[in-house]
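All of the numbers you see were taken from the coordinates with simple rules; none came from a lab. Bear in mind the structure is a predicted one, so any value in this text is a computation, not a measurement. Cβ atoms come from the backbone with ideal geometry, glycine included; neighbour counts cover every protein chain shown.
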Amino acid sequence: MPTSETSSPAASLDPTAEGMARVDAVIRGRLASDVALIEQISHYIIGAGGKRIRPRLVLLFAEALGHQGPEPYELAAIVEFIHTATLLHDDVVDESSLRRGRATANALFGNAASVLVGDFLYSRAFQMMVSLDRMRVLEVLADATNVIAEGEVLQLMNMHDPDLAVEAYLKVIRYKTAKLFEASARLGAVIAGAPRDIEEACSDYGRALGTAFQLVDDLLDYEGDTHALGKNVGDDLREGKPTLPLLIAMERGSAEEREIIRHAIEHGEVERLSEIVAIVRRTGALQATREAARTEANAARERLFALPASKAREALLELCARSVERSS
């Protein structure tokens, strides 16, 4: 589900540039393997870059809560490994050929290699967690990876179902995408030794931000272009994903328009993509989806005021706005 990630949406106020360089150094060091293909694929997918929002959340929340020490960099790398593993597995399940403007690993190296390297990244992430010797960290990340897997299965069950309820669609987002945002934000508080109410505020921020981020991703599949997105426009439709823009368009459209969209979802049909995009736009479904994302981002923003004022908090506030208003 993630889209092109080529620049940091929090760059203007992000105080973590030096910190992210340290995270990248940890990532490079931890990718070491005696198996050449593992290193090749791992470096290929990690090297594609990205906004790296999840590891930034770890660093920003740790900084906002006054933590100093090396643990956040290790945690940020762990989170990025888990995220990358989900991308490798996602692209195999979705039969995707393009991500972040480049051929997917499965398109280049095959499905079997991509799945197995995803497994390597998951297991390497858990090796790193154990080395931190923090039971609460293990608890948060073990729970997150389990929920993400449940979200993957839920999404698979919902494929090609034009009658999917909006709440069921949102549940997939909260499990599959928002859960790792939530865990990343929570980990910053955990490592800083924050009290549980502050930890929950950070977690709430991450969950709401992750939901907003995915809602925007879903609308961009009908609003953007392949070059800007770094993935093929219409991929969600080809995969039979009944995302919010389509659900809203069916609710607001004419009987004929509803039938066109229903047929496309049921059959993964992209031949009439331009016609479906026109329906989605005419019914105001894109605007309504972005407004839903804005509501989530505002909820995230409100939770930040439980934290003391700081440059890190300002960067997190800025991230709310930029994640919603982005066009790629």
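Among G268, G69, G210, which residue has its Cα furthest toward the positive end of the charge dipole of the stretch 17-325, with +1 on Lys/Arg Cβ and -1 on Asp/Glu Cβ?
Checked the options; the winner is G69.
Pull up the cross-link candidates among the lysines for K311, meaning alpha carbon to alpha carbon under 22 Å and not fewer than 8 places away within one chain.
In chain and number order, the partners are K51.
If I fit a long axis through the Cα atoms of helix 285-303 and take the longest principal axis of the Cα atoms of the chain, what angle between them do I get, 0 to 90°, rounded to 10?
20
What do you get for the angle between helix 36-46 and the principal long axis of the chain? Use alpha-carbon atoms, 0 to 90 degrees, nearest ten.
70
Starting with the fewest neighbours, write out C320, C202 ranked by other beta-carbon atoms found within 10 Å of each beta-carbon.
The order, fewest Cβ neighbours first, is C320, C202.
Suppose a student asked you for the relative contact order of the chain, using Cα pairs under 8 Å spaced at least 6 residues apart; what percent would you report?
Relative contact order comes out at 23 percent.
Please list, or write none, the lysines whose alpha carbon is within less than 23 Å of the alpha carbon of K241, excluding same-chain residues fewer than 8 places away.
Result set, ordered by chain and number: K171, K176, K179, K231.
Using alpha carbons only, how many degrees (0 to 90, rounded to 10) separate the axis of helix 311-325 from the longest principal axis of the chain?
10
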